[in-house]
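Since every read-out is calculated from the coordinates, none of them should be taken as a lab result. Predicted model only: the values in this text are computed from it and were never measured. Note that we place each Cβ from the backbone using ideal geometry, even for glycine, and neighbour counts take in every protein chain shown.
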Amino acid sequence: MANEVIDQPENHPDIDTAVDCVFEPFILGIFCNWCTYTGCDQAGTSRMQRPANLRVMRVMCSGRVEPAMVLKALKSGADGILIGACHIGDCHYVSGNHKTVRRIPLISKFIKQFGIDPNRIWLRHISASEGVELTEIVHEYVNILKKIGPNSFKKKK
Ligand code: FES
């Protein structure tokens, strides 16, 4: 009798833990070529371990990341989008990352209107020598996205 009750998933005492283990968020990293992308490469060549949840797309500057790209990524199935930019003052195109810093809070506000958690978009300034920081950020982001759960904005197939 006791076994019958516990065999039901909703009666399992560790169901929250079990769900956490099953859901693996997909993170799209949109990284600036001159800083975060190089930092990511450096982390890889230094054999730093990071979750396999991250897929990287390279852009020449974080200022290139337009709101439409972010919305398309969410619609296409990304659970989180990590935008990697040069530190303020280091942008190779002078003010590209300033545009990004102004743009991301607006996009976050916009997606919040659709009931999408603003944490689905993160902007982080990570230089070419900060592979360790990038690895830590990816770990942190995976944990946060696991708590938020799958992206409900994802286009149904
Ligand atoms: S070149 Fe890296 S953010 Fe502009």
What list of ³J(HN,Hα) couplings, whole Hz, do you get for the range 140-153 from phi and the Karplus terms 6.51, -1.76, 1.60, once you set θ to phi - 60° and write x for glycine and proline?
4, 5, 4, 5, 5, 5, 5, 6, 5, x, x, 6, 7, 7
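What value does the range 23-148 have for Rg/Rh, both radii from Cα atoms and Rh as Kirkwood defines it?
On the way: Rg = 13.6 Å, Rh = 14.4 Å.
The Rg/Rh ratio comes out at 0.95.
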Report relative contact order for the range 55-157 in percent, whole number only (criteria: Cα-Cα under 8 Å, sequence separation at least 6).
36
Here the net charge surrounding Ile121, from other residues whose Cβ is less than 12 Å away from its Cβ (Lys, Arg +1; Asp, Glu -1), is +3
Taking the Cα centre of the range 23-148 as origin and charging only Cβ (+1 Lys, Arg; -1 Asp, Glu), how large is the dipole, in debye to the nearest 20?
460
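By average Cβ neighbour count within 10 Å, what is the ranking of 79-91, 98-110 from highest down?
For the peptides 79-91, 98-110, the packing ranking is 79-91, 98-110.
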